[in-house]
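Report on the following structure.
The values are calculated or read from the model by the stated rules, or taken from the named source; none is laboratory data. All values reported here derive from a predicted model rather than from experimental measurement. Neighbour counts run over all protein chains shown; Cβ positions are idealised from the backbone, glycine included.
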Ligand SMILES: Cc1cc2nc3c(=O)[nH]c(=O)nc-3n(C[C@H](O)[C@H](O)[C@H](O)COP(=O)(O)OP(=O)(O)OC[C@H]3O[C@@H](n4cnc5c(N)ncnc54)[C@H](O)[C@@H]3O)c2cc1C
């Protein structure tokens, strides 16, 4: 039997951040992850943006989440000697002169200042359809999610144990004092399985939301993310961009669809005037929650079991901050914010 502090199940964005928090605290960990090519974290475009939605409002907790992620990812880059965090401005063309005026006014509102770089009143980026100019935001960028997950995987292998296998719930024994899984005993187990139902937490309302993106090849070179209707984020190779994403609660097919490709292609044509070739397409399922808040917490009856999922469309910005919140709850008994605590869904248990 080998004694460790924690077992972590799943190593997408949620499990990676939990593993990082634990390794930074010198905890002994075992991570069990069977990578799936289409896990949400591996196919995500990796965009982070503090001002989002059709109405372009500041996202929930932006003032806490964004400073945190801008420290967290560079610290993991430094520790792993890998590059995966790319801060860059985000440009959003205006659709009308009224919208331009609205943003001129809003830029004076307290709270928006740290996120607004420039309000362009004239076309600003060649190749983009922006007759009324647009809004250049700061504190945005993208994470190369696959490179990040692989970097964290290397760190886990070096400082802990990685079991590249499917978690088998029948091998888990749980007691109030801890858990045993195969040859390992631990003080606790943390389930970070995305849309997959976690043992003991099947009652949580995680709803898979299918998303698709396309990859394009283009000569467009501007060093900004472009976002209006669809986003345009740098991809893996030279000239490659990721374009996304679709949102479909009704489609549960594990594959790409011609309809999504057409929708994305159409929206892209409204946004850009440069030529491009579509070179690929990806799909995945986001773990969403009806109240659009993460699911963080401890099992109602088994205190050695915890869960971290429900990151929805914002795993890149939510996972660093809330992984620390969870570890502080487990290690220091710091109470969880009621908005994210799974206690809010206890009536479903
Ligand atoms: C098309 C698309 C685009 C997106 N774009 C963005 C974006 O630009 N920015 C952003 O912030 N977010 C984006 N997201 C959302 C983001 O991907 C999710 O919020 C996030 O990845 C969820 O991470 P997770 O770790 O909870 O789940 P997952 O990524 O699903 O990770 C779960 C891990 O657990 C493993 N696992 C599950 N069950 C088991 C088991 N029984 N045994 C072993 N291993 C197991 C899985 O294989 C996987 O590795 C996008 C999502 C999609 C689908």
Worksheet item: Of all residues in the stretch 160-212 being within 27 Å of residue 246 (Cβ to Cβ) and surrounded by fewer than 17 Cβ atoms within 10 Å (Cβ to Cβ), which is farthest from the ligand (Cβ to nearest atom)?
Response: 205
Worksheet item: Looking at residue 37, is it under 22 Å from the mean Cα position of the chain (by Cα), surrounded by fewer than 15 Cβ atoms within 10 Å (Cβ to Cβ) and within 13 Å of the ligand (Cβ to nearest atom)?
Response: yes
Fill in: Residues within the stretch 119-145 that are farther than 21 Å from residue 220 by Cα and away from the ligand (no atom under 16 Å from the Cβ), tallied
2
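Every residue, every condition in (1) surrounded by fewer than 22 Cβ atoms within 10 Å (Cβ to Cβ); (2) assigned by TED's automatic domain parsing to the domain that holds residue 195; (3) within 16 Å of the ligand (Cβ to nearest atom), yes or no:
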| site | (1), (2), (3) |
| --- | --- |
| 6 | no, yes, yes |
| 9 | no, yes, yes |
| 13 | no, yes, yes |
| 16 | no, yes, yes |
| 26 | yes, yes, no |
| 53 | yes, no, yes |
| 78 | yes, no, no |
| 83 | yes, no, no |
Worksheet, complete the sentence: The correct count of residues that are farther than 19 Å from residue 227 by Cα and in a strand (DSSP E or B) in the stretch 86-106 is 0
Worksheet item: Among 311, 326, which is touching a residue at least 40 places away in the same chain (Cβ under 8 Å) and either more than 10 Å from the ligand (Cβ to nearest atom) or not in a loop (DSSP other than H, G, I, E, B) (or both)?
Response: 326
Discussion item. Against the conditions (1) without any contact (Cβ under 8 Å) to a residue 60 or more places away in the chain; (2) assigned by TED's automatic domain parsing to the domain that holds residue 323, where does residue 151 fall short? Just the number, please.
Written reply: (1)
